[in-house]
1. Taking into account only those residues within the range 1-37 that are in a helix (DSSP H, G or I) and of a type in the set (A, V, I, L, M), which is surrounded by the fewest Cβ atoms within 10 Å (Cβ to Cβ)?
2. In the range 233-270, how many are among the β-branched types (Val, Ile, Thr) and either assigned by TED's automatic domain parsing to the domain that holds PRO13 or modelled with pLDDT under 95 (or both)?
3. So LYS324 passes all but one of these: (1) of a type outside the set (S, T, N, Q); (2) touching a Leu at 6+ places or on another chain (Cβ under 7 Å); (3) modelled with pLDDT of 90 or more; (4) not in a helix (DSSP H, G or I). Which condition number does it fail?
4. Just need a number here: residues in the range 310-332 that are surrounded by 22 or more Cβ atoms within 10 Å (Cβ to Cβ) and within 21 Å of LEU246 (Cα to Cα).
5. Give the residues of the range 163-176 that are touching a residue at least 24 places away in the same chain (Cβ under 8 Å), surrounded by fewer than 21 Cβ atoms within 10 Å (Cβ to Cβ) and hydrophobic (A, V, I, L, M, F, W, C), sorted by residue number.
6. In the range 75-119, which residue that is modelled with pLDDT under 90 and loosely packed, with under 12 Cβ neighbours inside 10 Å is nearest to ARG147 (Cα to Cα)?
7. For residues in the range 102-118 being part of a helix (DSSP H, G or I) and touching a strand residue (DSSP E or B) at 6+ places or on another chain (Cβ under 9 Å), which is farthest from GLU35 (Cα to Cα)?
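The values are calculated or read from the model by the stated rules, or taken from the named source; none is laboratory data. A quick note: this is a predicted structure, and the numbers were derived from the prediction, not measured. Cβ coordinates were reconstructed from backbone atoms using ideal geometry, including for glycine residues, and neighbour counts include every protein chain displayed.
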Amino acid sequence: MKLTIIAMEIPYPPIHGGRVDIWRRIEAFRTLGVETQLVCWKAEEPKAEDLAKLKHSVSDLQLLDFTGKTFSSFLRRGVDLLQNPLGITSRRLDKATFHQLSENVRGFQPDLLLIDGIHAAALAQQLSAKLDIPYIVRSHNIEHQHRHALFRAATGKQKLPAFLTVRNLKALEFSTFQNALAFFDISVDDLEFWKEEGFDNGYFLPPLAHSEGDGPQSMVDAKTFDIVFLGNLYTDNNVEGIRWFLSDVVPLIQAQKPDLSVLIAGSKPRQSIRELCDRTDCVELRINPESAADIYNSGSVLVNPIAVGGGVSIKSIDMLATYKPIVSLDKGIYGLPDSVKSLFCLASDAQSFADRVLDCFTESVAEPAKAERRQLIDEAFGLPRVELLVQQLEEILGRDRAGSTSSHP
């Protein structure tokens, strides 16, 4: 099977959940012998080592530039915004670039186009129509609901782009799913939503757990921390979750454990996060760590204090794979299979979050429990899930081809 993956951003290095989901699936496709062409947008030129990694993992790589910042491009985007969300208008191609990309995709001869991220939908649908190649969708969230939540959480200068991102998004999402051969949802809960909306072409596809190919490896840091959080440090929902945790939860824990140590690690921290970490004496901030595994290995208890978002929390899955105690709000287990939800210590407010963390300091996970957890994780988030995906794609494609043949004798 040959797939052309049209991703809304470059997936390597996999520095946040959306990229992680795309990248791990690309690596799994390579392992299973599925030939892939990757089409994606880049905000800047990738480093040589990152480009080499991408080219090693896909058969063909097509990197696109976001819409330029010239006066004419601003005018075109302004008109485009009347009907399309911001994420579409920033990914428009000029005629020459689209023609060249079309020829490159035609030459690759894919069986299917895979939309990875709703803001890649417009380009994928153009290619599908021009080349007569059907498309499928990877759904990371109920995107219009997720973006509405981010819009409500946005403050200051973030409010306008958040509004423009969500505007007209619901119509785009519905039409994209309606015209797809199938969509593959990251969340069992989100899939149920789409079924209630009348969609019968959806399948559950969980993200994969951490793999050694996710990113650069580094030496394990000898320093350990009582509590570790790892995630992006710039989206509004993550920023609010970290602020709540450090301001409302940490003092409650520190009252019982004065020598508490906390590690906050992640990419592109906002100034407010930098300042909050600086003035919280038990906290260390690490920016853009090279190895997620090293960060998780340095913690006694792992936390997910994020209360708002959509889809599935990739960080929750990766924390499971460490076999360490995890304290989370309900959002952290949203969309996960029931089989793994009992592995989390759930909290509902600051006091219960602090209590669960303190409980975890005195508990240990027995080896039999670790083995059971490992089996559950492999079954829920391992390579067999992508093997099933490939089988489903072959069946879907076979039905579509049979239908096309019968309708055109």
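1. Let us first name the residues in the range 1-37 that are in a helix (DSSP H, G or I), namely 17-32.
Retained after the next criterion (residues that are of a type in the set (A, V, I, L, M)): 20, 22, 26, 28, 32.
Numbers: VAL20: 24, ILE22: 26, ILE26: 24, ALA28: 20, LEU32: 13.
Looking at the filtered set, the residue picked out is LEU32.
2. From the range 233-270, those among the β-branched types (Val, Ile, Thr) are 235, 239, 242, 249-250, 253, 262, 264; that's our starting set.
If we keep only those that are either assigned by TED's automatic domain parsing to the domain that holds PRO13 or modelled with pLDDT under 95 (or both) as well, we get 235, 239.
Residues that pass the stated criteria total 2.
3. Here LYS324 clears every test but (3).
4. So the answer is 10.
5. To start, the set of residues in the range 163-176 that are touching a residue at least 24 places away in the same chain (Cβ under 8 Å) comprises 164-170, 172-173, 176.
In the following step, the residues that additionally are surrounded by fewer than 21 Cβ atoms within 10 Å (Cβ to Cβ) were identified as 164, 167-168, 170.
Answer for the range 163-176, where residues must be touching a residue at least 24 places away in the same chain (Cβ under 8 Å), surrounded by fewer than 21 Cβ atoms within 10 Å (Cβ to Cβ) and hydrophobic (A, V, I, L, M, F, W, C): just LEU164.
6. Within the range 75-119, the match that is nearest to ARG147 (Cα to Cα) is LEU82.
7. Residues of the range 102-118 that are part of a helix (DSSP H, G or I), as a first pass: 102-108, 118.
Adding the requirement that they be touching a strand residue (DSSP E or B) at 6+ places or on another chain (Cβ under 9 Å) leaves 104-105, 107-108, 118.
On the way: ASN104: 15, VAL105: 13, GLY107: 13, PHE108: 10, ILE118: 23 Å.
Out of the qualifying residues, it is ILE118.
Yes/no matrix, rows are residues, columns are (1) within 20 Å of the chain's Cα centre (by Cα); (2) assigned to a helix (DSSP H, G or I):
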{"position": "ALA120", "(1), (2)": "yes, yes"}
{"position": "GLN126", "(1), (2)": "no, yes"}
{"position": "ALA129", "(1), (2)": "no, yes"}
{"position": "ILE133", "(1), (2)": "no, no"}
{"position": "ARG138", "(1), (2)": "yes, no"}
{"position": "LEU164", "(1), (2)": "no, yes"}
